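The values are calculated or read from the model by the stated rules, or taken from the named source; none is laboratory data. All of these numbers come straight from a predicted model, not from anything done at the bench. So basically every Cβ, Gly included, is an ideal-geometry build from the backbone, and we count neighbours across all protein chains shown. Please note that ligands, DNA and RNA were not included when accessible areas were found on the heavy atoms of the full protein model with its side chains. Shrake-Rupley method; radii C 1.70, N 1.55, O 1.52, S 1.80 Å.
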Amino acid sequence: MEYVLITGASSGIGKTFAEEYAASGSNLVLVARSHDKLGTLAARLQNNHGVDIQIFSQDLSLPDSAEKVFAFCNSHQIPVRTLINNAGFGYDSAFDSMPLEKIERMIVLHMLTLVKLTRLFVSSMKERKNGQIVNVSSILAFAGVPYNAVYAATKSFVLSFSESIREELKGSGVSVLALCPGLTETDIYHSAGIDPHSTLLPVGSSKKVVQDAIRALESKKPYTIPGFLNKLIIHTGRLLPRNLLLKIGMVLGRRTKSKINRASEWQAE
Ligand SMILES: NC(=O)c1ccc[n+]([C@@H]2O[C@H](COP(=O)([O-])OP(=O)(O)OC[C@H]3O[C@@H](n4cnc5c(N)ncnc54)[C@H](OP(=O)(O)O)[C@@H]3O)[C@@H](O)[C@H]2O)c1
């Protein structure tokens, strides 16, 4: 009776992970702040697929939240085989307009909580010689991104951290994948009234992102960039000098800035 634990399971990519894993017969632990959304999703998936689903509503941008998730799993005797660190939010603004409170919450959610959850669950995975960790990064991890400075830096951290521990864990039975999606049509944009299609970048579906991630996990890749065009953009970009990449990022950032309300957060809170 092993479980897949998914953070940020109430919408978007996390919700799609829940749907895919439930359809393949996995038991789930769903974590996010929106208790009602988690409850509705859990009821539907339990009903459709006959799997066991536990929900735990928790704000993961609080520094002690990972310990609370771990304690919940221990108290319910839930062995976690697969950990999907997916919860995240964006804040599209010039760095000097980003409130300190948002900076702190983003850094805790994207970095501290992700690292702590990984640290807390990896020991039992190693003991069982069976475990999988998916850390959701972004294509923005591969270079600095003007107007998304903190977001891109946290996603670079996720990629670097995941690649490092993957090497450490080789041969232990625990695999680690960094998932680096490009623009994906989810609530992260809808809740702020942003049309991701208004940018110059390709837009994918959360289903394709999740199916790509599950394939990459099975073939034990270190990271995956879902979508041919996204791969092409990132791999071509890696051949360019970093300062040229930043200038391109600046142009894209300004273009996006003219299309959206720059003060809006990508994800409703
Ligand atoms: N969509 C894209 O274009 C894109 C591209 C690259 C990477 N990503 C990454 O993919 C991941 C999922 O994003 P998404 O696009 O699926 O966005 P989404 O639809 O807005 O979903 C975000 C999820 O994270 C949860 N979350 C946000 N803040 C939280 C907090 N403080 N505590 C607990 N849970 C929290 C939300 O649940 P509650 O609101 O219920 O807490 C929600 O379930 C994020 O890490 C994002 O950075 C997205």
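Among the residues of this structure, Asn47 does not count as one that is open to solvent by 10 Å² or more (accessible area, probe 1.4 Å), more than 7 Å from the ligand (Cβ to nearest atom) and touching a residue at least 12 places away in the same chain (Cβ under 8 Å). Can you pull out the residues in the range 51-72 that are outside any loop (DSSP other than H, G, I, E, B) and open to solvent by 10 Å² or more (accessible area, probe 1.4 Å)? Within the range 51-72, Ile53, Gln54, Ile55, Phe56, Ser57, Glu67, Lys68, Phe70, Ala71, Phe72 qualify. Touching a residue at least 24 places away in the same chain (Cβ under 8 Å), within 24 Å of Arg238 (Cβ to Cβ), outside any helix (DSSP H, G or I) and in contact with a helix residue (DSSP H, G or I) (Cβ under 8 Å, 6 or more places away or on another chain): does that describe Tyr151? No, not satisfied. Here Ile13 qualifies as among the hydrophobic types (A, V, I, L, M, F, W, C) and near the ligand (Cβ under 7 Å from one of its atoms).
Results for (1) away from the ligand (no atom under 12 Å from the Cβ); (2) out of contact with any Cys (no Cβ under 9 Å at 6 or more places or on another chain); (3) within 20 Å of Ser11 (Cβ to Cβ); (4) not hydroxyl-bearing (Ser, Thr, Tyr), shown as yes or no for each residue.
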residue: Tyr223; (1), (2), (3), (4): yes, no, no, no
residue: Gly227; (1), (2), (3), (4): no, yes, no, yes
residue: His235; (1), (2), (3), (4): yes, yes, no, yes
residue: Leu240; (1), (2), (3), (4): yes, yes, no, yes
residue: Leu244; (1), (2), (3), (4): yes, yes, no, yes
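Filter the range 216-245 for residues that are assigned to a helix (DSSP H, G or I), out of contact with any Leu (no Cβ under 7 Å at 6 or more places or on another chain), surrounded by 14 or more Cβ atoms within 10 Å (Cβ to Cβ) and in contact (Cβ under 8 Å) with a residue 24 or more places away in the chain and give the result. Break it down stepwise before answering.
Our first condition is that a residue be assigned to a helix (DSSP H, G or I); within the range 216-245, this holds for 216-218, 228-237, 242-245.
Adding the requirement that they be out of contact with any Leu (no Cβ under 7 Å at 6 or more places or on another chain) leaves 218, 228-236, 242-245.
Still in the list and also surrounded by 14 or more Cβ atoms within 10 Å (Cβ to Cβ): 230-231, 233-234, 245.
Hits for the range 216-245 are Asn230, Ile233, Ile234, Leu245.
Just checking, does the range 50-61 include any residue being of a type in the set (A, V, I, L, M, F, W, C) and away from the ligand (no atom under 14 Å from the Cβ)? Yes - at least one qualifying residue is present in the range 50-61. Only one of the numbered conditions (1) open to solvent by 40 Å² or more (accessible area, probe 1.4 Å); (2) within 16 Å of the ligand (Cβ to nearest atom) is violated by Arg128, and that is (2). With respect to the conditions (1) in contact (Cβ under 8 Å) with a residue 40 or more places away in the chain; (2) open to solvent by 50 Å² or more (accessible area, probe 1.4 Å), Ser75 lacks only one, and its number is (1).
From Thr82, Thr40, which residue is polar (S, T, N, Q), open to solvent by less than 50 Å² (accessible area, probe 1.4 Å) and not in a loop (DSSP other than H, G, I, E, B)? Only one candidate qualifies: Thr82. For the range 129-148, the count of residues that are in contact with a Leu (Cβ under 7 Å, 6 or more places away or on another chain) and in a helix (DSSP H, G or I) is nonzero. Residues that are open to solvent by 10 Å² or more (accessible area, probe 1.4 Å) and under 18 Å from the mean Cα position of the chain (by Cα) within the range 93-113 comprise Lys102, Ile103, Glu104, Arg105, Ile107, Val108, Leu109, Met111, Leu112, listed in sequence order.
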